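FYI, it's all coordinate maths here, none of it is from the lab. None of these values were measured; they are calculated from a predicted model. In this analysis, Cβ positions are derived from the backbone assuming ideal geometry, glycine residues included, and neighbour counts consider all displayed protein chains.
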Amino acid sequence: MTDPGLESAAARALELVADGMHVGLGTGHAVAVFLARLADRVRSGLRVLGVPTSEATAALARSLGIPLGALDEEQELALTVDGADEVAPNLDLVKGFGGALVRERIVAAASRRQVILVGHDKLVGRLGMRGRIPIEVVPFACVPVRRRVRALGLEPIVRLAGAGPSISDNGNLTIDCGLATPLADARAARALDADLRAIPGVVDTGLFLGTAERVLVGYPDGRVDVLQAER
């Protein structure tokens, strides 16, 4: 079933892609919509090189005929197009529900700009309104990490996939840190991010704070709002 809002947002994102660009390709449903449109342009002669943030994105891009590459020290990515699970009014994000947060962070950091595609349902008044903040954790550290997360007042739940734990493309676990209440403000989000990162064994968090250059928000009627970060 098509999503008119995401289709329109993906079309707006595609307007930012110029011939010859190296583009970071995020992970998730919104990015899949963008990849379908990008593939149409590639078939029409657009030259791009995509750098995927997950094996799932790589497989989809290959099936659509989108040329792929890796991060290249000679070529900075012009932009990364990605999705998000929550978008706060100041464009801080929660990401990682799809399990690709570490590579999403790396690719975004290697890009001049990060463009986020979301449906209007991902807009929140405060981060954490969907009840969890994902973190990626080295398996060896799972028990002490969970202990430290509980000490911060959060409830750590190891994400499952079938009968066992969900394993990231990096060979790590994802732990969803349950929140009793949403984060109070941007300062609280940054404090929690710092506290989680300080735990040995935590590779990264799903708090993407100040990374988005713009957010394209799609609505069911096909309208798109463009939210831009204050710089």
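One residue is enough: does segment 94-101 have a residue meeting the conditions touching a residue at least 24 places away in the same chain (Cβ under 8 Å), crowded, with 17+ Cβ neighbours inside 10 Å and in a strand (DSSP E or B)? Walk me through how you get there before you give the answer.
Keep residues of segment 94-101 that are touching a residue at least 24 places away in the same chain (Cβ under 8 Å), which gives 94-101.
Of the ones still in play, those that are also crowded, with 17+ Cβ neighbours inside 10 Å are 94-101.
Next cut, in a strand (DSSP E or B) only: 94.
Checked against the condition, which is being touching a residue at least 24 places away in the same chain (Cβ under 8 Å), crowded, with 17+ Cβ neighbours inside 10 Å and in a strand (DSSP E or B), segment 94-101 yields at least one hit.
Select from segment 18-41 the residues that are surrounded by fewer than 17 Cβ atoms within 10 Å (Cβ to Cβ) and either in contact (Cβ under 8 Å) with a residue 60 or more places away in the chain or part of a helix (DSSP H, G or I) (or both) and list them in ascending order. Spell out how you get there, then give the answer.
Going through segment 18-41, the residues surrounded by fewer than 17 Cβ atoms within 10 Å (Cβ to Cβ) turn out to be 18-21, 29, 36-37, 40-41.
Those that are surrounded by fewer than 17 Cβ atoms within 10 Å (Cβ to Cβ) and either in contact (Cβ under 8 Å) with a residue 60 or more places away in the chain or part of a helix (DSSP H, G or I) (or both): Ala18, His29, Ala36, Arg37, Asp40, Arg41.
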Hey, among Val145, Val138, which residue is farther than 25 Å from Glu213 by Cβ, more than 18 Å from the chain's Cα centre (by Cα) and crowded, with 20+ Cβ neighbours inside 10 Å? Val145
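So if I check each of Ile116, Ile106, which one is in contact with a Lys or Arg (Cβ under 8 Å, 6 or more places away or on another chain) and of a type in the set (A, V, I, L, M, F, W, C)? Spell out how you get there, then give the answer.
On the way: Ile106 fails: in contact with a Lys or Arg (Cβ under 8 Å, 6 or more places away or on another chain).
That would be Ile116, the only listed residue that is in contact with a Lys or Arg (Cβ under 8 Å, 6 or more places away or on another chain) and of a type in the set (A, V, I, L, M, F, W, C).
Give Val217, Val224 a once-over and let me know the one that is under 30 Å from Glu7 (Cα atoms), touching a His at 6+ places or on another chain (Cβ under 7 Å) and either among the aliphatic types (A, V, I, L, M) or buried (at least 18 other Cβ atoms within 10 Å of the Cβ) (or both). Step through it out loud before you land on a result.
Values: Val224 fails: touching a His at 6+ places or on another chain (Cβ under 7 Å).
The unique qualifying residue is Val217.
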Are there any pairs, at least 6 apart or on different chains, whose C-beta atoms fall under 9 Å, with the first in segment 141-165 and touching a residue at least 40 places away in the same chain (Cβ under 8 Å) and more than 12 Å from Leu179 (Cβ to Cβ) and the second in a loop (DSSP other than H, G, I, E, B) and among the β-branched types (Val, Ile, Thr), and if so, which? Ala141/Ile199; Pro144/Ile199; Val145/Val138; Val145/Ile199; Arg148/Ile199
